[in-house]
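See below for the structure under consideration.
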Amino acid sequence: MKPGPFEWQAPDSLEAALALKARHGEAARFLAGGQSLVPAMNFRVAQPAVLVDLNRVAALDFCQFDADGTLRIGAMARYRRIERDAAVAARVPILVEALAEVAHPQIRTRGTLGGNLSHADPASEMPAVMLALDARFRLRRAGGERVVAAADFFLGPLATVLAEDEMLAEVIIPPLPSGSGTAFLEVARRRGDYAMMGVAAVLRRGPDGRCAEARIALCSAGPTPMAAPRASEALIGRGLNAESFAEAAALAVTEIAPMGSVQASPTYQRHLAGVLVGRALSLAAERAA
Amino acid sequence: MKITIRVNGVGYTRDVEPRLLLSDFLRHEIGLTGTHVGCEHGVCGACTILWDGEPARSCLAFAVQAEGHEISTVEGLAPGPGKLNPLQQAFQDAHGLQCGYCTPGMLMTLTAFLAENPHPDEAQIREALSGNLCRCTGYQHIVDAVLRVAAA
Ligand SMILES: Cc1cc2nc3c(=O)[nH]c(=O)nc-3n(C[C@H](O)[C@H](O)[C@H](O)COP(=O)(O)OP(=O)(O)OC[C@H]3O[C@@H](n4cnc5c(N)ncnc54)[C@H](O)[C@@H]3O)c2cc1C
Ligand code: FES
Ligand code: FES
């Protein structure tokens, strides 16, 4: 058998799952969609003694809007469910646009948003989208919880602020104000492959037609998802046009730290970032009603 | 531990370790060797099955997790012994396979895809196949097979 032996626990309540993690600490791993953890176990890179399977915890599987437009997504909401949600497509279209680039349909059947973000792969699309949407994450442990900004959650490749006994339970996405436009663009060898470079852009056209708000974040651009705050700030108060986009793109390229891969050198990745930031901004501006 | 899994509408009860992959349960425990295993880390697509009607990698789930779910494999596609369903027939007619190693995964992926989108264009077909590798056909004949079904 490929994976090493483990004790399998499949609680059906959130409290039971948290209690199990508190009891076993580092020896236990949560099992979400398994699309990153099971490959690692098949290679025996990961050999957890206990698997706390979250697939039966119905309380973690939701995707709903509050009355004020805040979107709340449970950790165990699968990609497939989110990408097919008509309300999400209408109100937070960048999520659906970026999910189409996350792996293949077969992986999206089981993969979850919570598992993806906890895994914290810097090449992954979702962490960058979360930065661009200014999302917050609710982290729970037995008898407590805290809410952290996406910008503070990712520490490095496959590293987050999650403590040994903590679970990422909920993703909280604030409503996009009217006048907002979003875009996600990436370049990958094939659809479904990890991006050589990906860009998430969110901006808002103010009543005067100028840029009132902008957030740009990139994936495959450094050890964590990389925000480009200087490029974003440079847009504020400017016209949404080719000139301001080109300036922002040039700034964004200086704010990333691409590490290179067998597919793309850091130089090529920077080139892609410049091109994609410009394109994503003009697409987002076009969509900003 | 003792589990019962429904595969192609039939319940199978076996005593298994939690670490048994669903792909190995299908092949070794119940003898349904139509589901192939290539990479065992989610990349090649040979092990694709339907999990409650949706395509999924059987090498990336433990058999114990499949209790209470409907699993469908390539063995369930044909309408009867010696017969092929329209998608399988199109693969034969268009030479959509050579060695056949990737074929069960291709068929299961496409079964789910065509149920959702019965008349796809070529670009959509190629995108749907992005998660299934074939080292023989160069994909063109597989795409042709799907186009035949889509036109029917
Ligand atoms: C062939 C292939 C291609 C892929 N391509 C892409 C791609 O292009 N882009 C991309 O982003 N991803 C890609 N992936 C990865 C995929 O998106 C995974 O689904 C995702 O990274 C992990 O989500 P999961 O639900 O499967 O989590 P799991 O694999 O179950 O868990 C991942 C990690 O997070 C921990 N964990 C899970 N849930 C929680 C929680 N709620 N709280 C705390 N810790 C938790 C687990 O213990 C584990 O360490 C690909 C995977 C495969 C197999
Ligand atoms: S064997 Fe499962 S994807 Fe290759
Ligand atoms: S027919 Fe041989 S791998 Fe596809």
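Run lengths n ≥ 4 of DSSP H only: what is the helix-derived mean residue ellipticity at 222 nm for chain B, with -39500 (n - 2.57) per run over all residues, to the nearest 500?
Rounded to the nearest 500, it is -8000 deg cm²/dmol.
Please provide three numbers in whole Å: the alpha-carbon extents of the range B:86-151 along the principal axes, with the largest listed first.
Here the Cα extents, ordered largest to smallest, are 27, 23, 18 Å.
If amide H atoms are built 1.01 Å from N in the plane of the peptide, which residues on other chains or at least 5 residues away come under 5 Å of the amide H of A:Thr160?
Those lying under 5 Å, H to H, from A:Thr160 are A:Leu155.
Using +1 at the C-beta of Lys and Arg and -1 at the C-beta of Asp and Glu, which of A:Pro207, B:His119, A:Pro177 has the Cα lying farthest in the positive direction of the dipole of the protein assembly as shown?
B:His119
Picking from A:Ala16, A:Ala200, A:Ala248, which is most flexible by a Gaussian network model of chain A using Cα springs under 10 Å?
The residue with the greatest mean-square fluctuation here is A:Ala16.
Report for chain A the percent antiparallel among DSSP-assigned beta bridges with both residues inside it, nearest 5.
85 percent
Taking the Cα centre of the range A:7-53 as origin, work out the dipole magnitude from +1 charges on Lys and Arg Cβ and -1 charges on Asp and Glu Cβ, in debye rounded to 20.
It works out to roughly 180 debye.
Using θ = phi - 60° and the Karplus form 6.51 cos²θ - 1.76 cosθ + 1.60, what ³J(HN,Hα) does each residue of the range B:60-70 get, whole Hz, x for Gly and Pro?
Using θ = phi - 60°, the values come out as 10, 9, 8, 4, 4, 6, 8, 4, x, 10, 8 Hz.
Hey, what did chain A get for relative contact order, percent, Cα under 8 Å, at least 6 apart?
16 percent
Averaged over A:36-49, how many beta carbons belonging to a partner chain fall within 10 Å of each residue's beta carbon?
Mean shielding count: 3.
Assign unit charges at the C-beta atoms only (+1 for Lys and Arg, -1 for Asp and Glu), then state the dipole size of chain B relative to its Cα centre in Debye, rounded to the nearest 20.
280 debye
If you take the square roots of the eigenvalues of the alpha-carbon gyration tensor of the range A:101-146 and sort them as a ≥ b ≥ c, do you get rounded (a/c under 1.5), prolate (a/b over b/c) or oblate?
It comes out oblate by the Cα gyration axes.
Among B:Thr111, B:Thr137, B:Thr73, which one moves the most in a GNM of chain B with springs linking Cα atoms closer than 10 Å?
Residue with maximal mean-square fluctuation among B:Thr111, B:Thr137, B:Thr73: B:Thr137.
Under the rule of -39500 (n - 2.57) per DSSP H run of 4 or more residues, summed and divided by the residues of chain A, what mean residue ellipticity at 222 nm is obtained, to the nearest 500 deg cm²/dmol?
Here the helix-only value at 222 nm equals -9500 deg cm²/dmol.
Provide a whole-number value for the mean count of partner chain Cβ atoms within 10 Å of the Cβ atoms in peptide B:54-67.
Per residue, the average neighbour count from other chains is 6.
Give the peptides B:24-30, A:31-37, A:185-191 in descending order of average Cβ contacts within 10 Å, highest first.
My ranking of the peptides, most packed first, is A:31-37, B:24-30, A:185-191.
Say a site is exposed when it is one of the chymotrypsin sites (Phe, Trp or Tyr not before Pro), sits in a DSSP loop, and has at most 15 other Cβ atoms within 10 Å; what is then the longest site-free stretch of chain A?
A:63-289
Under a 5 Å amide H to amide H cut-off, with H placed in plane at 1.01 Å, what residues pair with A:Ala221 once short-range neighbours are removed?
Under 5 Å from the amide H of A:Ala221 lie the amide H atoms of A:Met226, each far enough along the sequence or on another chain.
Principal axis extents for the protein assembly as shown, Cα atoms only, whole Å, descending order, please.
Here the Cα extents, ordered largest to smallest, are 70, 55, 43 Å.
Out of the range A:53-94, which trypsin sites (Lys or Arg not before Pro) are coil in DSSP terms and have no more than 15 other C-beta atoms within 10 Å?
Passing sites in the range A:53-94 are A:Arg84.
Among A:Ala264, A:Ala142, A:Ala86, which one shows the biggest mean-square fluctuation in a GNM of chain A, springs joining Cα atoms closer than 10 Å?
Judging by the Gaussian network model, the answer is A:Ala86.
Using a/c under 1.5 as the rounded threshold, could you call the range A:143-234 rounded, prolate or oblate? The axes a ≥ b ≥ c are square roots of the C-alpha gyration tensor eigenvalues, and prolate needs a/b larger than b/c, oblate otherwise.
oblate
Charges at C-beta only: +1 for Lys and Arg, -1 for Asp and Glu. How large is the resulting dipole of the protein assembly as shown about its Cα centre, in Debye rounded to 20?
That gives a dipole near 280 debye.
The numbers here are math on the coordinates, done by the rules we state, and not lab data. Because the structure is a prediction, the values reported are computed rather than measured. Here Cβ is always computed from backbone atoms with ideal geometry, including for glycine, and neighbour counts include all displayed protein chains.
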